[in-house]
1. Within the P(r) computed for the range 52-101, what percentage of the Cα pairs occupies the region above 15 Å?
2. Please compute the length gained on full extension between residue 82 and residue 169, using 0.36 nm multiplied by the number of residues separating them and subtracting their Cα-Cα distance.
3. Among 50, 280, 75, which one shows the highest mean-square fluctuation when the chain is modelled as a Gaussian network with alpha-carbon springs under 10 Å?
4. Write out the GluC sites (Glu not before Pro) in the range 106-174 meeting two conditions: DSSP loop, and at most 16 other Cβ atoms within 10 Å of their Cβ.
5. Any idea which of 40, 301, 158 is furthest toward the positive side of the dipole for the chain, if Lys and Arg beta-carbons carry +1 and Asp and Glu beta-carbons -1?
6. Can you give me the pair-distance distribution of the range 173-304, C-alpha pairs, 10 Å bins, whole percents?
7. Given +1 on the Cβ of Lys and Arg, -1 on the Cβ of Asp and Glu, and no further charges, what dipole in debye does the range 122-355 carry about its Cα centre, rounded to the nearest 20?
8. Determine the dipole magnitude for the range 302-370: charges of +1 sit on the beta-carbon of Lys and Arg, -1 on that of Asp and Glu, nothing else is charged, the reference point is the Cα centre, and the result goes in debye to the nearest 20.
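Nothing in this text is a laboratory measurement; each read-out follows from the coordinates by a stated rule. Small disclaimer: the values here were computed from a predicted structure and weren't measured. Here Cβ is always computed from backbone atoms with ideal geometry, including for glycine, and neighbour counts include all displayed protein chains.
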Amino acid sequence: MLVLLPTSSALFPTAAQPLGRRLLDAALNSPLYRAVLVPQAKRTMVSTAEQNGVPWSDALEWIQSQGPWSLPDGEAVSAPEYYRQPFHAYEMGNLCWEAALEGEIASRAVGARNFPAAGADGELAFRGAFDEALASMGATVPDGGRVVDLGCGSGISTRRIAAAWPQAESVVGIDLSPHFIAVGQRLQELGCAQAAAGHGAAATWRWVNPAEEYADPRVSLTLGDAATTRLPDGSADVVSLSLVIHELPPSATVDVCAEALRLLKPGGQLWVTEMDFETEGFTKLRANPLLFSLIRSTEPYLDVYADWMPQLPSALAEIGFGPVRLAAATGRHFALVATKPAPGQAGMAPGEIDDRRQQTAKEDTHLKTWEAKKGGS
């Protein structure tokens, strides 16, 4: 579906919150409710990992032993207020060692929940689905291209981009959490040491991802705010936001995407991979307050994201992107490629939206909320 937008439209919803959501928000902010739901959400994630062959406890013990842990040197970056909220079952959000040390293990569990038939390799299928959807919309990195991965965490998406695009000159990951950056940088050091030592040292590697993933010299991780990266104008061929926007309030998303536009060269691409609350699976889940509260207890912006998500393409068009293309990636997720118009180049009109999600709809393979393993509980 092609749409040419008018020159202005509302970026944010103005309707009052429904009563049911206000009551749910009040309950989720209750200390007693959080004391029940947040630990349960964490137990579900750990159980998913362990029952699908992801060695949560063993991997966590190993990464903890690779310290002592210290924050990266250099200028401190002040985290905005929205980033300092409790989420992902951590009172300090991403600003703590526990979240950073468990982050890549938890990502494996998320993959297993989305593609349970693949078990411990569910994350590979999950991220591979995004790769396929992006490619179907013309996502590409030119020879010698530079990629910036915003909200990179410890670098899972950053390393994957580098592996998928060997012609890229550099892939820079930027994240607001010094803890995640420290863990990612330490894993890079360990991966390089493992590669230098050869196969004889393989028995010492007890992490959830293979050591060779961390030894790519083109990948660098740095502390920074995705909305104000301080990188030069027009210095990137691709900017990526991988599973980041659902953790932001809409105003922050607009700021980050505007920064992406500034960073991109004319003709450069913004890649977004995200949850799609217009899919049947998420629509049904959200309609069940009891089940949805389990997810909402660890994702403070998920409801407002779900409401605002349909406006993302138009928001990108208003910022100055065009064309903006969307395709289904999984039964509950979409991928998006937005191009920074190049003056005089055909097919680069700002405001054009090409939504292919209906034509590319995928089977919903996600586990039920109460399940930890396919066919189990």
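1. 60 percent
2. Contour length minus the Cα-Cα distance gives 28.0 nm.
3. 75
4. 169
5. Among 40, 301, 158, the one farthest towards the positive end of the dipole of the chain is 40.
6. 10, 29, 28, 24, 8, 0
7. 380 debye
8. 240 debye
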